[in-house]
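Report on the structure given below.
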Amino acid sequence: MADLTTAVGELLKKKNTEENLHIYVEGLSSLYKRMAELRLAMNYYTFAEIYSDFDFAKKTAVDPYINEIQQIINDVILLDTLSLDAVDRIDALRNRIIAKMEILTAYTDIFQIYEYVLNRVEYRFSESEFGDEYYNDRFEKDIYRYITGDKDNTVINMKLSQIVGQVPMRLSKNKFYDMLKDSFSIYKGSEKQSVNDFAYMIRTAGTLYKPQDFEEEFPELKKCHNNLKGIEISEITEELYKNFKKELDRASALIEEYSDFYVMLTEVINDVYSVELNFFALTDAIETDKLKSIISDAYYIIEGHDIEREPVSSKFVEFEGLQEKIMTRLFNPESALDEIIDINSDFIKGTDYEEALRRLVITSRLQSASTFASLNDNTDKDEADDAFIEDTVNGLVEEFASLFEGMDRYSRRAVMAIVIANLPVFFNNMDEFKKYVHVALSQCTDSAERQACMTIINSMFING
């Protein structure tokens, strides 16, 4: 291990490049494989227990993915074989799951709009008394105290966005478009990819983005969406409100259930993918065999075999603390990976080390905290000039104008509120913020919305 530490130090100084790259690649690959095998044993066994409790309908919905990962795990892990297309297969499966998660995220954004609307009409059917005196006399002061009660600018900006997203939305469409345009001014001179990423965030928050196969996947969620679209909010009755809430709760539960499942499945996929990328790295054979025993048990649980859980759980005892030890040993060589590649790029280019290091970079992303991290570097690094930004903004304005056409004012205000809350803070000073809040609160004459706003923001005071 000392050799790996020394190799990192010398590579950062561009010394003995070839010898140290050999040590570095082998050492880091070995650590990654050990970590991946350990995490796979833990994640896969947890996944197996969850899957075994699924009812028939849920299993039917996810079985195509289960069958694929089972076959891959049997080939790569249990049989210890790596076919020529193994990496392509696991990559394709991962991309299919990410596509499913994009659809679930799009539904989450859509139902967030309905939740916003539902909150604004809830108090039409409540007997609780509205604190009109507090709303008019002290509410604004409490909001201001909440914002200024922290000295950390990051926290203050987060609170500003929270409040802007919850005070009554009374912006005209043109004012909303102007704020949208202004928010892009900070991206002038940045990479085009940064502008595209920001525009993508706005599209998702504003429910403009519909992933491929959005209409075909998750028919239960599509049905919930269609049911909610059919409710006229301006004329909603208490009975319709209850149906609205029931449908929304059902949709939220389905999204949570599916999302949890796909997150767990992707963690398993990431671990198998990491093993494949470092398949030929040397590890402790005894440790690998013991971990493979746990993975085998999980495999047969998913296959429907009756495996006693207690003996399997006891196998994990031997590995307590191992993940932390590997992480400690990984920290220095992993954190230096990009810098080592950059410093030694002239030597690396065109050699076998180029591919070996590319695999290590991908592994680092697979083993990161971001389960759905992108594995490629296909980003547009060209500078975003005024024309590019203007075209991007004008495209967004056209999309929102089309979305708002025919949309009821409650839903339109919800979209505006959620998008505005996701924009960079647009106040130049606290006086501008105070004015914005004052106008928003004073222009709202709907007592149910006023009470909803007050209740939600007061909960921020308590929890913040």
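The values are calculated or read from the model by the stated rules, or taken from the named source; none is laboratory data. As the structure is a computational prediction, the values presented were derived from the model and not from experiment. Cβ placement follows ideal geometry from the backbone for every residue including glycine, while neighbour counts extend to all protein chains displayed. The protein model used for the area step is the full one, side chains on, heavy atoms only, and it has no ligands, DNA or RNA in it. Shrake-Rupley method; radii C 1.70, N 1.55, O 1.52, S 1.80 Å.
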Kindly check whether there is at least one residue in region 197-206 that is within 18 Å of LYS381 (Cβ to Cβ), open to solvent by 50 Å² or more (accessible area, probe 1.4 Å) and either in contact with a helix residue (DSSP H, G or I) (Cβ under 6 Å, 6 or more places away or on another chain) or among the hydroxyl-bearing types (Ser, Thr, Tyr) (or both). yes
Residues that are touching a Cys at 6+ places or on another chain (Cβ under 7 Å) and at pLDDT below 95: which helices (runs of 4 or more DSSP H) entirely in region 362-464 hold 1 or more of them? 447-463
Contact list, first residue from region 12-35 and of a type in the set (Lys, Arg), second anywhere and part of a helix (DSSP H, G or I), beta-carbon distance below 7 Å, six or more apart or interchain, is LYS14/ILE343; LYS33/VAL275; ARG34/ILE326
Selected residue (only one of LEU441, LEU423 is closer than 30 Å to LYS141 by Cβ, of a type outside the set (Val, Ile, Thr) and touching a Pro at 6+ places or on another chain (Cβ under 8 Å)): LEU441
So TYR135, is it open to solvent by less than 40 Å² (accessible area, probe 1.4 Å) and either over 15 Å from SER259 (Cβ atoms) or in contact (Cβ under 8 Å) with a residue 60 or more places away in the chain (or both): yes
Residue list for region 26-52, restricted to those being more than 14 Å from ILE294 (Cβ to Cβ), open to solvent by less than 30 Å² (accessible area, probe 1.4 Å) and at pLDDT below 95: TYR51
Of the criteria (1) in contact with a Ser or Thr (Cβ under 9 Å, 6 or more places away or on another chain); (2) modelled with pLDDT of 95 or more; (3) not aromatic (Phe, Trp, Tyr), which one ASP342 fails: (1)
Could you check, for region 106-119, whether at least one of its residues is in contact with a Lys or Arg (Cβ under 9 Å, 6 or more places away or on another chain), without any contact (Cβ under 8 Å) to a residue 40 or more places away in the chain and at negative phi? no
Any idea which of ILE23, ILE72, ILE66, ILE98 is closer than 30 Å to ILE418 by Cβ and either open to solvent by less than 10 Å² (accessible area, probe 1.4 Å) or not aromatic (Phe, Trp, Tyr) (or both)? ILE98
